[in-house]
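The values are calculated or read from the model by the stated rules, or taken from the named source; none is laboratory data. Everything numeric here is computed off the predicted structure, so don't read it as measured data. Virtual Cβ from ideal backbone geometry, glycine too; neighbours counted across all protein chains shown. Ligands, DNA and RNA are stripped out before the accessible areas are found, and what is left, the full protein with its side chains, is counted by its heavy atoms. Shrake-Rupley method; radii C 1.70, N 1.55, O 1.52, S 1.80 Å.
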Amino acid sequence: MIYGVAGVALALAACSPKVDGKAAASKGASGTAVLLIDGSSTVYPISEALGEEFQKESGTRVTVGLSGTGGGFKKLCRGEIDIAGASRPIKAEEAKACVDAGIEFIELPIALDALAIVVNQSNKFVDCLTVAELKKLWEPAAQTKITNWKQVRASFPDQPIKLFGAGTDSGTFDYFTKAVNGEEGASRGDYTATEDDNVTISGVSGDANALGYLGLAYYSENKTKVRAAPIRQVDGKCVSPSSETARDASYQPLSRPLFYYVNKKYAAERPHLKAFMTYAFTAKHSEELVAEVGYVPLPEQAYTLALAKFTAGLSGSYFNGGSKVGVTMEELLADVAAKPGTPTAPKP
């Protein structure tokens, strides 16, 4: 089955219910076990696919929301959800909020992604963009000043640009601004910002002069509507976003890992949460479903180690507070390979 990223395949899929920490996710009104996942719109298709298949097999009702990475962390640290999907590592202040609330979390990479820079299908002049051109277009100083394609490159036409991108509560926003502008959160503000990547697809496909950025799955499902601009690498090659270029790290600096953050206490108390994590991090399930929705599965070893880390209940973050550009597979394996009984070590 192909899982449409815009579809609602699960109960209450697009908006997880308002619940307090004690009521979150344990049992529905009928006594059926309920699992709540929220957070990143980028991770949403993965959670939707895994959740639908797990729901069929187990009878557990799975709900998936997309309040953005930052919104998901807020809900996780209030005890409102079981799992937060995230398109970047947790920030130091977010981790502190969890600590202050007495909530431990388990950090687990779930897949790889490549952010796509998309333009309208009728746009034939954007052949290969440099990171410097992206910065010129998206840095804070560009606000109200860089508004025309010709300002980006002299050979581009004298046409206005309309920009679409992630909202400020999105991990995609944090990662993109770090990778392109050098500082997380540093961005011009005069663009159409959204937590729903389908808005970006609709906006770019409907305007010949538009440009936007979003996760690989949303681009992959909408290749007939928008076109991905290749990015010039440091060696001069122009590389397009794809599963292959994310896996071999040749698409930089816009390739990144995606994560699940699990409430440790709920994992110990709720058998259905433990069962879902066992299902999600069984390589044959993740490899098939992650690829099916347009993202890049991790190596089988990574899923095996991640499940062992979850089972051991190793809490904390391997990363030092927020987006990190150029995360290697070795770092992800190190994240999930911490020995039982030892805290997860932060990266300097």
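Conditions first: (1) modelled with pLDDT under 95; (2) touching a strand residue (DSSP E or B) at 6+ places or on another chain (Cβ under 6 Å); (3) open to solvent by 30 Å² or more (accessible area, probe 1.4 Å). Residue 245 passes all but one, so which condition is the exception?
(3)
Residue check, residue 201 against (1) β-branched (Val, Ile, Thr); (2) within 27 Å of residue 330 (Cβ to Cβ); (3) in contact (Cβ under 8 Å) with a residue 24 or more places away in the chain, all met but one. Which one?
Evaluating residue 201 over (1) β-branched (Val, Ile, Thr); (2) within 27 Å of residue 330 (Cβ to Cβ); (3) in contact (Cβ under 8 Å) with a residue 24 or more places away in the chain leaves (2) as the failure.
If the Cβ limit is 7 Å and pairs must be 6+ apart or interchain, which residue in region 145-161 that is charged (D, E, K, R) pairs with which residue that is assigned to a loop (DSSP other than H, G, I, E, B)?
150/156; 150/157; 150/158
All but one of (1) under 28 Å from residue 326 (Cα atoms); (2) open to solvent by 50 Å² or more (accessible area, probe 1.4 Å) hold for residue 78, so report the exception by its number.
Here residue 78 clears every test but (1).
I want to confirm something. Restricting to region 54-99 and keeping residues that are farther than 17 Å from residue 263 by Cβ and among the hydroxyl-bearing types (Ser, Thr, Tyr), which single residue is farthest from the chain's Cα centre (by Cα)?
The qualifying residue farthest from the chain's Cα centre (by Cα) is 58.
For the subset of region 172-207 comprising residues that are in a loop (DSSP other than H, G, I, E, B) and under 20 Å from the mean Cα position of the chain (by Cα), which member is farthest from residue 40 (Cα to Cα)?
182
Might you check whether a residue that is outside any helix (DSSP H, G or I), of a type outside the set (Gly, Ala, Ser), surrounded by fewer than 20 Cβ atoms within 10 Å (Cβ to Cβ) and touching a strand residue (DSSP E or B) at 6+ places or on another chain (Cβ under 7 Å) occurs anywhere in region 210-229?
No.
Please go through region 138-171 and give me each residue that is open to solvent by less than 60 Å² (accessible area, probe 1.4 Å) and under 26 Å from residue 43 (Cβ atoms), ordered by number.
Once the filter is applied, which keeps residues that are open to solvent by less than 60 Å² (accessible area, probe 1.4 Å) and under 26 Å from residue 43 (Cβ atoms), region 138-171 yields 138, 163, 164, 165, 166, 167, 169, 170, 171.
Return yes or no: is residue 116 over 24 Å from residue 207 (Cα atoms) and either touching a Leu at 6+ places or on another chain (Cβ under 7 Å) or open to solvent by 30 Å² or more (accessible area, probe 1.4 Å) (or both)?
no
Here's a check for you: in region 35-53, which residue that is surrounded by 24 or more Cβ atoms within 10 Å (Cβ to Cβ) and touching a His at 6+ places or on another chain (Cβ under 9 Å) is nearest to residue 262 (Cα to Cα)?
Looking at residues that are surrounded by 24 or more Cβ atoms within 10 Å (Cβ to Cβ) and touching a His at 6+ places or on another chain (Cβ under 9 Å), I get 35.
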